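Beneath this line is the structure, given in structure tokens, with notes to follow.
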Amino acid sequence: MIAYTWFAACFLVAFVVVNTGVLALAAAEVRRYLARASASGLRRMLRSPLTPAVSIIVPAHNEAAGIADSVRSLLALDYRLLEVIVVSDGSTDDTVGCLVRAFDLRPVLRPNPPFLEYAPIRAIYAPRGTLRLLVVDKENGGKADALNAGIAFASFPLYCTVDADSMLEQDALAKTVRPFVEDPERTVATGGMIRIANGCRVERGRVVEARLPRSRLAMFQVVEYVRGFFGTRTGWSAINALLIVSGAFGVFRRDVVIEAGGYRSGSLGEDFELVVRLHRFCRKAGRPYRIVYVPDPVCWTEAPEEARFLKRQRRRWYLGCVETILIHRAMLLNPRYGAVGLVALPAMALFEALGPLVEIAGYVIAAAAAALGAISWPAFALFLAICVLYGQVLTAGALAVEDATPRQHPFWEDPRRLRRYAWLENLGFRQRQQLWRAASLVQFARKRGWGPMERKGLSRPAVAGAGAGGDPPAPR
Amino acid sequence: MKILIADDSSTVRRLVAARLSADGYQVLEAADGAEAVELARSGRPDLLVLDKVMPKMDGFEVVRALREDPRTASVPIVMLTERTSEQDVLGGLGLGVEEYMPKPFSPLELSLRVRRLLARAAP
Amino acid sequence: MTIALAGVVGGMALLLACLSGADARIRRRAAEAERLRRRYLPRAEQGIAGYLAGSPDLPAPSGAAERALLLAVGLEALADLRGSERQRLAGLLERLGYVAEATAALRSRQAAARRRAAECLAVIATPATLPGLMAGVADGDVLVRCACARALAEIGGDDALRAVTATAERDAARAPGQVAAIVLALGSSHPAALAPLLAGASGPRLRALAAEVAGALRLAQHAGSLRSLLGAEDHLAAVAAGGLGAIGDIDAVGDLAALAADDRRSPAVRVAAVTALGAIGDASAVPCLEPLLRAPDWSLRTAAGYALAGLSEPGRAALRRAAGSERKEIRDLAGAVLGS
């Protein structure tokens, strides 16, 4: 028990040190970003014939309902030259038919590119007119497989992944591509802010009015996203140790991704795995590179509002994280991989992968100690207070950083409501999540293989640093 | 003569509107594509000046919607746009856009083209 | 132990209060800016638009905040305007004292203020901005230097262009994107000034950028220089080939065909040459492209297929011959290209 107390204390100190550091880096990075980014620069970039063309890849599995609107709004993005490639991953509904009717497509023959591996192609469709749209209908092979097919058929030097149910702000793509224009040789991947669309007014596949969700479960996720993106990603990006560019919205250099082997088929968290592999690939080859998080572009995504869907999503994110860390365990604490190997990945392993176990063990031990009457209540209460307060500090810091960033929909969120939910979060929401995580970890460890899994679902903007501090008791 | 200008930049809308009003036209303004379609249907303008990139509906979608509606199918359209890629120009002309003006533009030139188009459209 | 913990709790509460206070300040400031925009932006826009449409004067801004907003509107309008109206507006901003202000602000100690000033001068870019811009290219901040050099590249003049080249050379490795914008501005406003860069007088990076710009802007006057770059290293040769394709330089067909057929070169360069041959569309490239349909490299073979489709009837005839090939991948390729 005493051993655990010491362990928990060290764990908490490490958590506070790392996250405070990252938050400070985030604040500095946003300052730097604001001093650089000018609106006229963005316009110049959109007008320049040197700005690289982008292939937008949309993996879709049974998305008939919204796919036509999604594609229409992607084609209307403010960008100089882009193409949209929809990869239907063995859809059993009318996804392909909807697109064929909406855009007047006809079947075409295309030579199959031999670059990456992907499931057999059934048919390929293209429009009659000048629209740059390609629909690849292939056998089911999972999201990674669909993305690989999209990369293979892409014709431009950069590609952007967008989930079929996500909606981009019109200037989001341009802002996310900007690091590639500023530093074309080194930039290999960029990601941007993702927000929760629940509650927003949506017309024709576009968010026309930003609002906070009504559902409590979605509100908790809004808090998590704010903290995860502004507090975490911006900070890690500042030291080139960004580990997550979420599959819902990210831009990549096609040639480098192909060289690194594309997405890992059958992976639970293919987007996370790819970014870690890109770090590994580039550092190993000794090639100077940058993986950048751009603070202000916005991609709106639908968050699950039912506990069972949220549970499934979180299970997938969590196991994807654990799996990726296991795959790349050779990078852990390896100075060869710089800040990624020494700090970012170990922090991920410790706080994200092991966090749930530490926290739950804490609850159990505290309960046992209380039953035995061996607990010092004041110390216990103070320990709890530290954990809860620190979560609030991270949220407040992230909100401040976010408010300092100019946005399309300024100040739409009610900060008091957000803060209230940041407090409420501690009363059940995160304990339940930690339980889900721990349970799936036990399951995972027992199987040690991952058998068949739900291939495709919502986006996967894994939220790091969601307060994994653990609430360890302090028995005496 | 009534002209509708649709552009999400209020600066551009003002620049165009001031020039056209000075030249004796009545000007309607729309800040996004959906509003443009609505105003085009209710306000019955004689000509449209359209931006390509707008919220809610982009310029091409507006053109498509107007061309499908018999009331607005024959209104002349001038596209005023950042984009000058061949793909865009062809796409616009294919949909039945009468004129293409790339930004940066000259409001004076725009006004002259508008006058020419209206003269041609008049019976 | 308890006291130490209580101390930590107190510290955290304090930190939380500070962060919340900072957030509230940020929000208050933003709300103020928003109020100003609501109040003054329409008037500023109307004033500038009215001035350009012929009304004699502009309602003067009152106070520094309104002045700054008027400048922002003016700069935005300048970016959308060209010709005489652009000049008229630039002249107005000059008369309102913004050029003098920005020139003075270039001596500020804060990099952010200097960047704003440089960006302002670069957008106005009238002769009156020249002294400021010439001073700005010697600034310690790379963004200030590059913004000034970009504007000088538009304005031109011997001294200015010398400063432009020097800045581009100095920062080509540090800020490749900014330097690309400088070279693009140079190519758009003073295409002849690209010649020394293309000749390699200022190093390989600028040479590649100049080649890219010459191609992207389809500057036929530089086709000769681009042709001579086809023998250079891979990246440069590929850029030059792409440029010749964009220009549609028929005189380059022979050199491009030789490059495409050269199996000592990397597939990427050969693909660029093949694609350029397709873009030029001259049928004399058919004998070079037809054998490439059998190339072992997929990209090369596919590029050759699509290039042949661009060479009118002789190209399509070659594809029809390939459609009867005994090798399946060649038949499939020819079929796909002919069908699209």
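Can A:Ala53 be described as at negative phi, within 14 Å of another protein chain (Cβ to nearest Cβ) and free of Cβ contacts under 8 Å to residues at least 12 places away in the same chain? Spelling it out, it is not the case that A:Ala53 is at negative phi, within 14 Å of another protein chain (Cβ to nearest Cβ) and free of Cβ contacts under 8 Å to residues at least 12 places away in the same chain. Filtering region C:115-126 for residues that are assigned by TED's automatic domain parsing to the domain that holds C:Arg86 and either over 23 Å from C:Leu89 (Cα atoms) or aromatic (Phe, Trp, Tyr) (or both) leaves an empty set. Taken together, A:Ile56, A:Ile121 contain a single residue that is under 30 Å from C:Leu209 (Cα atoms) and among the β-branched types (Val, Ile, Thr), which is A:Ile56. Can you give me the number of residues within region C:170-228 that are of a type in the set (Asp, Glu) and within 11 Å of another protein chain (Cβ to nearest Cβ)? Residues that pass the stated criteria total 1. All of A:Ala174, A:Ala218, A:Ala197, A:Ala164 fail the test of being in contact with a Pro (Cβ under 9 Å, 6 or more places away or on another chain), over 29 Å from A:Ala27 (Cα atoms) and open to solvent by less than 10 Å² (accessible area, probe 1.4 Å), apart from A:Ala164. On inspection, C:Leu81 passes the criterion of being more than 16 Å from C:Ile155 (Cβ to Cβ) and buried (at least 22 other Cβ atoms within 10 Å of the Cβ).
Of all residues in region A:9-41, those satisfying the criterion of being surrounded by fewer than 16 Cβ atoms within 10 Å (Cβ to Cβ) and either β-branched (Val, Ile, Thr) or more than 30 Å from C:Val9 (Cα to Cα) (or both) are A:Val13, A:Val17, A:Arg32, A:Leu34, A:Arg36, A:Ala39. Scanning region C:320-340 for residues that are in contact with a helix residue (DSSP H, G or I) (Cβ under 7 Å, 6 or more places away or on another chain) and either acidic (Asp, Glu) or within 7 Å of chain A (Cβ to nearest Cβ) (or both) gives C:Leu333, C:Gly335.
Applying the condition of being of a type in the set (Asp, Glu) and open to solvent by less than 50 Å² (accessible area, probe 1.4 Å) to region C:99-146 and asking which residue is farthest from the other protein chains (Cβ to nearest Cβ) yields C:Asp139.
Considering A:Val364, A:Val401, the condition of being under 27 Å from A:Arg315 (Cα atoms) and either assigned to a helix (DSSP H, G or I) or touching a residue at least 60 places away in the same chain (Cβ under 8 Å) (or both) is satisfied by A:Val364 alone. In this entry, C:Leu244 is excluded by the filter for residues that are of a type in the set (A, V, I, L, M, F, W, C), farther than 26 Å from C:Pro287 by Cα and in contact with a Gly (Cβ under 9 Å, 6 or more places away or on another chain). Among the candidates A:Arg43, A:Arg101, A:Arg32, A:Arg47, the residue that is more than 30 Å from A:Lys143 (Cβ to Cβ), more than 14 Å from chain B (Cβ to nearest Cβ) and charged (D, E, K, R) is uniquely A:Arg32. Where helices (runs of 4 or more DSSP H) sit wholly within region B:25-102, those with at least 2 residues that are away from chain A (no Cβ under 13 Å) and touching a Ser or Thr at 6+ places or on another chain (Cβ under 8 Å) occupy B:33-43. Give the residues of region B:1-16 that are of a type outside the set (D, E, K, R) and either facing chain C (nearest Cβ under 7 Å) or open to solvent by 30 Å² or more (accessible area, probe 1.4 Å) (or both), sorted by residue number. Within region B:1-16, B:Met1, B:Ser10, B:Thr11, B:Val12, B:Leu15 qualify. Considering only residues that are over 15 Å from the mean Cα position of the chain (by Cα) and small (Gly, Ala, Ser), which ones fall in region A:282-336? Once the filter is applied, which keeps residues that are over 15 Å from the mean Cα position of the chain (by Cα) and small (Gly, Ala, Ser), region A:282-336 yields A:Ala285, A:Gly286, A:Ala307, A:Ala330.
Taking A:Ala123, is it modelled with pLDDT of 90 or more, under 27 Å from A:Ser267 (Cβ atoms) and crowded, with 21+ Cβ neighbours inside 10 Å? So A:Ala123 does not fit the description; no.
Among the residues of region C:44-62, those that are farther than 12 Å from B:Ser10 by Cα, within 7 Å of another protein chain (Cβ to nearest Cβ) and not in a loop (DSSP other than H, G, I, E, B) comprise C:Gly50, C:Leu52. Of note, C:Leu75 satisfies the criterion of being touching a Cys at 6+ places or on another chain (Cβ under 7 Å), assigned to a helix (DSSP H, G or I) and within 14 Å of chain B (Cβ to nearest Cβ). Open to solvent by 10 Å² or more (accessible area, probe 1.4 Å), within 14 Å of chain B (Cβ to nearest Cβ) and either in contact (Cβ under 8 Å) with a residue 24 or more places away in the chain or within 24 Å of the chain's Cα centre (by Cα) (or both), is that true of C:Leu89? The answer is no for C:Leu89. In region A:60-69, is there at least one residue being touching a residue at least 60 places away in the same chain (Cβ under 8 Å), touching a helix residue (DSSP H, G or I) at 6+ places or on another chain (Cβ under 7 Å), part of a loop (DSSP other than H, G, I, E, B) and on the phi < 0 side of the Ramachandran plot? Among the residues of region A:60-69, at least one is touching a residue at least 60 places away in the same chain (Cβ under 8 Å), touching a helix residue (DSSP H, G or I) at 6+ places or on another chain (Cβ under 7 Å), part of a loop (DSSP other than H, G, I, E, B) and on the phi < 0 side of the Ramachandran plot, which makes the answer yes. Has region A:347-360 got at least one residue that is part of a helix (DSSP H, G or I), open to solvent by less than 50 Å² (accessible area, probe 1.4 Å) and of a type in the set (Val, Ile, Thr)? Checking region A:347-360: at least one residue is part of a helix (DSSP H, G or I), open to solvent by less than 50 Å² (accessible area, probe 1.4 Å) and of a type in the set (Val, Ile, Thr). Taking A:Val251, is it open to solvent by less than 10 Å² (accessible area, probe 1.4 Å), closer than 26 Å to A:Ser155 by Cβ, at pLDDT 90 or above and under 15 Å from the mean Cα position of the chain (by Cα)? So A:Val251 fits the description; yes.
The values are calculated or read from the model by the stated rules, or taken from the named source; none is laboratory data. Keep in mind the model is a prediction, meaning the values are calculated, not measured. As a convention, Cβ positions derive from the backbone with ideal geometry for all residues, glycine included, and neighbour counts pool all protein chains shown. Side chains are part of the model used for accessible areas, which takes the heavy atoms of the whole protein and leaves out ligands, DNA and RNA. Shrake-Rupley method; radii C 1.70, N 1.55, O 1.52, S 1.80 Å.
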